[in-house]
1. Between residues in region 190-203 that are on the phi < 0 side of the Ramachandran plot and residues that are polar (S, T, N, Q) and surrounded by 13 or more Cβ atoms within 10 Å (Cβ to Cβ), which pairs lie under 6 Å by C-beta distance while being six or more apart or on different chains?
2. In region 268-282, which residues are among the hydrophobic types (A, V, I, L, M, F, W, C) and crowded, with 16+ Cβ neighbours inside 10 Å?
3. Would you say residue 332 is out of contact with any helix residue (DSSP H, G or I) (no Cβ under 9 Å at 6 or more places or on another chain) and without any contact (Cβ under 8 Å) to a residue 40 or more places away in the chain?
4. Determine the pairs where a residue that is free of Cβ contacts under 8 Å to residues at least 12 places away in the same chain and over 20 Å from residue 97 (Cα atoms), located within region 117-144, has a partner that is small (Gly, Ala, Ser) and in a strand (DSSP E or B) with Cβ atoms under 7 Å apart, the partner being 6 or more residues away or on another chain.
5. Looking at (1) at pLDDT 95 or above; (2) assigned to a helix (DSSP H, G or I); (3) acidic (Asp, Glu), find the lone condition where residue 26 falls short.
6. Of the residues that sit in region 165-191 and are under 22 Å from residue 330 (Cβ atoms) and of a type in the set (S, T, N, Q), which one is surrounded by the most Cβ atoms within 10 Å (Cβ to Cβ)?
7. Considering only region 320-330, I want to know if a residue exists there that is at pLDDT 95 or above, β-branched (Val, Ile, Thr), under 18 Å from residue 141 (Cα atoms) and surrounded by fewer than 22 Cβ atoms within 10 Å (Cβ to Cβ).
Amino acid sequence: MKRPGSFLTVFLVLALTGTSFVNAQDDVKQYLGRWALHFQEGMGWLKVEQKKGYLDAELLWRWGSVLPVANVYVEGGKLVATRVRNEEFTDAGGEKRIHTLTQTLTLEGRGDQLIGTMVMPHKDGVGADVYYVHADRIPPIPPAPDLSKVKYGKPIKLLGKDLTGWRLLEPNAKNGWRVENGVLINDPVQVPGQPHVQYANLRTDAVFNDFNLKIKVNVPAGSNSGIYLRGIYEVQVLDSYGKPLDSHNMGALYSRITPLMSAEKKAGEWQDLNITLCQRHLTVILNGKKIIDNQPIEGVTGGAMTSDELRPGPIYLQGDHGKVMYKDIVLTPIVEE
């Protein structure tokens, strides 16, 4: 026997559920896209997508690589993304333990801006670091430029007899950089058994927009460095000879664009890099082979000076990882695109 009001009850439930679903979809749409994350002591990058019936995201938090998040969802009008890492420690009783630390990014929409927090719990379980974050929507990447029609200005020789025109990116860090016989050398010496010494990165005084950069590099065995274009996009410098293709190898855009082919020389040999940055597209020619062909850049890489992709910036060379040598550094600005 049908109870009175049952049809009305079902109708109301369906109607309310439908309205809630529509609102939830509207909440999701406001977060889709690519976002430049800013906080007091660093930068980040976030991409949120809705594909094949689910929500997904990639996150860069200051250093390291762009990685998929562990989970992402929208609840109560807010976007929540988590990433996890395992932390191994030995407790007071001598037993080894592994805890999974969950870092939580929570953002609330404000049109083309977001505000929120990143909560990063301490590994001992006592307290957490809380970063207050704001974000700007990144404008769409322009179509790939026709590089045959690009016009260039006068070439600028960036390296002379000394470090004139360059300065340490971190003034309080130890300097491992020097110039000898026209070669820029970084030698971040670490003494075995003593605390790790933080060495400085090196940047140009001048800032640039789009350009072509020609530079020779020599990487000793097992060493690595990086060339940051406008201070935000790292072209990897690494002893990766003989390794499978990877977005962390020599000439790659770090963690973002994998080379089309391997073109590295063996460690200790001088190598030629010919790099063109134009309208947020990257071309890299390594030792005469085009390994990145006018590919779009989705966002900054780890270690970037800022997450703002629309303003000029310096060339900066990574100096805190290992010994490296550079020479014949010539930048030619693009004056018309």
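1. What qualifies is 200/175; 201/318.
2. So in region 268-282, the residues among the hydrophobic types (A, V, I, L, M, F, W, C) come out as 270, 273, 275, 277-278, 282.
Residues satisfying the conditions are 273, 275, 277, 278, 282.
3. Details: out of contact with any helix residue (DSSP H, G or I) (no Cβ under 9 Å at 6 or more places or on another chain): yes; without any contact (Cβ under 8 Å) to a residue 40 or more places away in the chain: no.
Criteria not met by residue 332.
4. Short answer, once both residue conditions are applied: none.
5. The one condition residue 26 does not meet is (1).
6. From region 165-191, those under 22 Å from residue 330 (Cβ atoms) are 165-167, 169, 177-186; that's our starting set.
This time we only want the ones that are of a type in the set (S, T, N, Q), so: 181, 186.
Numbers: 181: 7, 186: 24.
Among those that are under 22 Å from residue 330 (Cβ atoms) and of a type in the set (S, T, N, Q), it is 186.
7. The answer is no; no qualifying residue exists.
Every residue, every condition in (1) farther than 16 Å from residue 32 by Cα; (2) modelled with pLDDT under 95, yes or no:
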position	(1), (2)
81	no, no
85	yes, yes
101	yes, yes
105	no, no
118	yes, no
137	no, no
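The values are calculated or read from the model by the stated rules, or taken from the named source; none is laboratory data. From a predicted model like this one, the values you see are computed outputs, not experimental measurements. Cβ sites come from the backbone with ideal geometry, for glycine too, and all protein chains shown count toward neighbours.
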